[in-house]
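A.B. asks: Handing you this structure, nothing more for now.
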Amino acid sequence: MFSSTHMTFIDGHAASVIVPRKSTVTSQPKVPITPPEKWVELYSDYLYGFAMSRLRDPEASADCVQDTFLAGIKALNRFDGSRDIKFWLRGIMRNKIVDQIRKTVKENKVDIDSEDETLLESFWFRFSGIATTNPEPWQFNPRKQYDNTEFWVVFRECIDSVKNPARQAFVLRVLEDMTTEEVCKIMDITPNYLWVLLHRARQQLKELLEEKWTGPDVM
């Protein structure tokens, strides 16, 4: 933005006044808002697939889609048009997925199986320092593949093989990027057990993705 200088007189004395010019920078065009009556036709399949990749439950996934549309309609006045409304709805759905997992955990309390219990009680685990550290991050980040349709077809097939509660822990901690404290609170488990669940889920997914996915390396 440039400015120009004009002469004026103040109390009989000449003085220069800098007058800024109007900005020539145009604002970023907003994405057209798709009317809610078209959401089911345009976005229901996409959102349902997104929910299924995390919940593996057709009924719960369908409920998430419906809840997402209802929440989107109520919050539509806060949509700023800076991105495709499909991705805005996906952001709303992420919260609905977390709510659904929280509901499932309350109805089916997480039990520690005998193999995990043996590990948790082992001398190595109790005194190795794992209890006070977070699980190591997975270098391969599935969230970066959001818009890769081929990847999600393969990923859904792979994660379907991971049983709860390891699957739920992975969804919350890795896919939804929640903190250890948040996941433990939702699932009512200790950080130690979360570490065990994530380790199990990551190892299983790594093996399956290495076998089935031909895209970027899985670490």
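A.B. asks: For residues that are under 13 Å from the mean Cα position of the chain (by Cα) and at pLDDT 90 or above, tally how many sit in segment 154-184.
C.D. replies: Residues in segment 154-184 being under 13 Å from the mean Cα position of the chain (by Cα) and at pLDDT 90 or above: 6 in total.
A.B. asks: So is ILE189 modelled with pLDDT of 85 or more, under 20 Å from LYS96 (Cβ atoms) and surrounded by 14 or more Cβ atoms within 10 Å (Cβ to Cβ) or not?
C.D. replies: Criteria not met by ILE189.
A.B. asks: Across segment 14-48, what is the number of residues that are modelled with pLDDT under 90, within 26 Å of ARG83 (Cα to Cα) and not polar (S, T, N, Q)?
C.D. replies: Residues flagged as modelled with pLDDT under 90, within 26 Å of ARG83 (Cα to Cα) and not polar (S, T, N, Q) within segment 14-48 amount to 6.
A.B. asks: If you don't mind, another one. Could you tell me whether any residue of segment 51-70 is farther than 23 Å from ARG167 by Cβ and either touching a Leu at 6+ places or on another chain (Cβ under 8 Å) or among the aliphatic types (A, V, I, L, M) (or both)?
C.D. replies: Yes: segment 51-70 contains one or more residues that are farther than 23 Å from ARG167 by Cβ and either touching a Leu at 6+ places or on another chain (Cβ under 8 Å) or among the aliphatic types (A, V, I, L, M) (or both).
A.B. asks: Which pairs have Cβ atoms under 6 Å, sit 6 or more apart or on different chains, and link a residue in segment 77-94 that is charged (D, E, K, R) to one that is assigned to a helix (DSSP H, G or I)?
C.D. replies: Cβ pairs passing all conditions: LYS86/TYR43.
A.B. asks: Residues that are within 17 Å of the chain's Cα centre (by Cα) and surrounded by fewer than 22 Cβ atoms within 10 Å (Cβ to Cβ): does segment 193-201 have at least one?
C.D. replies: no
The values are calculated or read from the model by the stated rules, or taken from the named source; none is laboratory data. Computed from a predicted model, the values in this text were never measured in an experiment. Ideal geometry is used to build each Cβ from the backbone, glycine not excepted, and the neighbour counts take in all protein chains shown.
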